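The values are calculated or read from the model by the stated rules, or taken from the named source; none is laboratory data. The structure displayed is predicted, hence computed values, not measured ones. FYI the Cβ positions are ideal-geometry reconstructions off the backbone, even for glycines, and counts take in every protein chain you see. These area figures cover heavy atoms from the full protein model, side chains too; ligands, DNA and RNA do not enter into them. Shrake-Rupley method; radii C 1.70, N 1.55, O 1.52, S 1.80 Å.
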Amino acid sequence: MAEAVPVILDVDTGVDDALAIALAVSSPRVDLVAVTTLAGNVDVDRTTANTLAVLDWLGADSVPVHRGASRPLARPHVDAAFVHGTDGLGNAGLPPSPRGVGADRGPAAIIRLASARPGQLTLVCVGPLTNLAIALNVEPTLPSLLAGVVVMGGAYRVPGNVTPRAEFNIYCDPEAAAQVLATPFPRLTLIGLDVTEQVVLSRAAWTAAADGNGPVAGLVDRIGRRAFVERGLAGTALHDPLALAAAVEPSLVAGESAGVTVGTEGEARGETRLDGAGSAVVASTVDPGAALRFLSRELGLPSLI
Ligand code: BDR
Ligand code: CA
C-alpha cells in the first residue's frame, strides 16, 4: 500500500474545500499535518471558522489550523458567496468549533512546518494564492523546502468560471498568482478547470452519498443541499478534492510542462496563459471515472459515478 503523503492544505472553505478536508481526514493516502486558511470564497473569519467546524465534525479536532491572509495582496477582496452561500458552506449549519487557531499565521506556519521537515511536505493550495505568495516573499527558499506544490487554479484551454478568461482562485488574487507562477518551483502542478470541470458530483451521486451513515455522509448531505435542493443544480465540479487527490495519486491526471503568465488588468484579470517552456506541470487530461472511484473509496462513500 502506498505511503501516506504528508500534506499542508491551504483552504478558503468553501463547499468543495470542505470535501477536500474530508478527503484529507478520511484517506489513508493523506497525512494531514496542518490546515492554513485565507480569504477567498468568503472572508477569512468565516473560512477559518468553517475549517475548524468541518475538522471537528469529522473528529479531526487535533489538526492544527492557522489563520492566514485576510485580503488579496493588492486589491479588495471579491468573494464567491453566490456559489457557496453567505456562510461559505451552503448554509450547512455545522456546530461551531470551540477551539482556537494556531499561534502563527498561515504563511508563517507554512514556512515553519516546511523548514522543520525539509523536502518532506506537499503543499496543496485550493484557494487564492495569497498565503503562498507571502510565504515565498518572506522565505524565498520555500520551493526547495517542499516536496511539491499542487494548486487548484487556472483555466488554460477552457473558459473561466468568473469571467470568460479567469478561474476564481486566480481572479481573486491575480498579483499573488503572478508572483507564485513566476517562481521556478522544482515541483509545481496546476490543476485547473480543464480537468476539475470534468469530475462532477451528480445530483444522483450526492443523494446516494448523503443517505449514508457517518460524519462524511452527513457533511456531504449538509453542504450539498444548497446546490442540489435550493439551486436545483444537476451537478457540481469537485475542484478542490481533485487537486488533493492528484497530489497523492498523480496518475489521475496527465499534463505537460509549461510556463504560465497571469493577467492582472482589465478583462485579462486572472487569465492564465500558457507561455512557452517552463517547469510547472499543467494538467490537461483526467480520467473522470478513475477520479470519482478514487474519491468514493478514499471518502468511504458509495460510488460517486
Ligand atoms: C475554485 O474556486 C472556489 O470557489 C472553489 O472552492 C475552488 O477552489 C474553483 O474555481
Ligand atoms: Ca477553494
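Miscellaneous remarks
- Across region 263-286, the number of residues qualifying as within 19 Å of the chain's Cα centre (by Cα) and either surrounded by 15 or more Cβ atoms within 10 Å (Cβ to Cβ) or not hydroxyl-bearing (Ser, Thr, Tyr) (or both) comes to 9.
- Conditions (1) open to solvent by 40 Å² or more (accessible area, probe 1.4 Å); (2) under 23 Å from GLY224 (Cα atoms); (3) modelled with pLDDT under 95; number of the one not met by ALA2: (2)
- Residue selection: VAL35 satisfies the criterion of being within 16 Å of the chain's Cα centre (by Cα), within 20 Å of VAL248 (Cβ to Cβ) and either crowded, with 22+ Cβ neighbours inside 10 Å or of a type in the set (Asp, Glu) (or both).
- Test result for ARG165, surrounded by fewer than 22 Cβ atoms within 10 Å (Cβ to Cβ), more than 16 Å from ligand 1 (Cβ to nearest atom) and of a type in the set (Lys, Arg): no
- Close pairs (7 angstrom Cβ cut-off, 6 or more residues apart or separate chains): within 14 Å of ALA24 (Cα to Cα) and more than 14 Å from ligand 1 (Cβ to nearest atom) in region 231-249, part of a helix (DSSP H, G or I) and open to solvent by less than 40 Å² (accessible area, probe 1.4 Å) anywhere: GLU249/PHE294
- Residue among GLY14, GLY59, GLY40 that alone is at pLDDT 95 or above and either surrounded by fewer than 24 Cβ atoms within 10 Å (Cβ to Cβ) or more than 10 Å from ligand 2 (Cβ to nearest atom) (or both): GLY59
- Restricting attention to region 230-248 and to residues that are among the hydrophobic types (A, V, I, L, M, F, W, C) and surrounded by fewer than 24 Cβ atoms within 10 Å (Cβ to Cβ), the residue that is nearest to LEU58 (Cα to Cα) turns out to be ALA237.
- SER251 being open to solvent by 50 Å² or more (accessible area, probe 1.4 Å) and modelled with pLDDT of 95 or more: yes
- Pairs, first of a type in the set (A, V, I, L, M, F, W, C) in region 11-24, second within 9 Å of ligand 1 (Cβ to nearest atom), C-beta under 6 Å, six or more apart: VAL11/ASP17; VAL11/VAL126; VAL11/GLY127; VAL15/HIS84; ALA20/VAL126; ALA20/ASP240
- ALA258 among the hydrophobic types (A, V, I, L, M, F, W, C), buried (at least 18 other Cβ atoms within 10 Å of the Cβ), out of contact with any helix residue (DSSP H, G or I) (no Cβ under 8 Å at 6 or more places or on another chain) and over 18 Å from SER26 (Cα atoms): yes
- The listed residues are ASP45, ASP17, and the only one of them that is within 20 Å of ASN131 (Cβ to Cβ) and within 16 Å of ligand 1 (Cβ to nearest atom) turns out to be ASP17.
- Any pair with Cβ under 9 angstrom, 6 or more apart, that starts in region 163-179 at a residue that is within 14 Å of ligand 2 (Cβ to nearest atom) and ends at one that is modelled with pLDDT under 95: PHE168/VAL83
- The number of residues in region 96-146 that are touching a residue at least 12 places away in the same chain (Cβ under 8 Å), polar (S, T, N, Q) and open to solvent by 20 Å² or more (accessible area, probe 1.4 Å) comes to 5.
- The residues of region 115-127 that are assigned to a loop (DSSP other than H, G, I, E, B) and more than 16 Å from ligand 2 (Cβ to nearest atom), listed by number, are ARG117, PRO118, GLY119, GLN120, LEU121.
- Test: residue in region 208-229 that is open to solvent by 10 Å² or more (accessible area, probe 1.4 Å), more than 13 Å from ligand 1 (Cβ to nearest atom) and of a type in the set (S, T, N, Q): yes
- Selection from region 79-96 of residues that are within 14 Å of ligand 2 (Cβ to nearest atom) and over 24 Å from VAL216 (Cβ atoms): ASP79, ALA81
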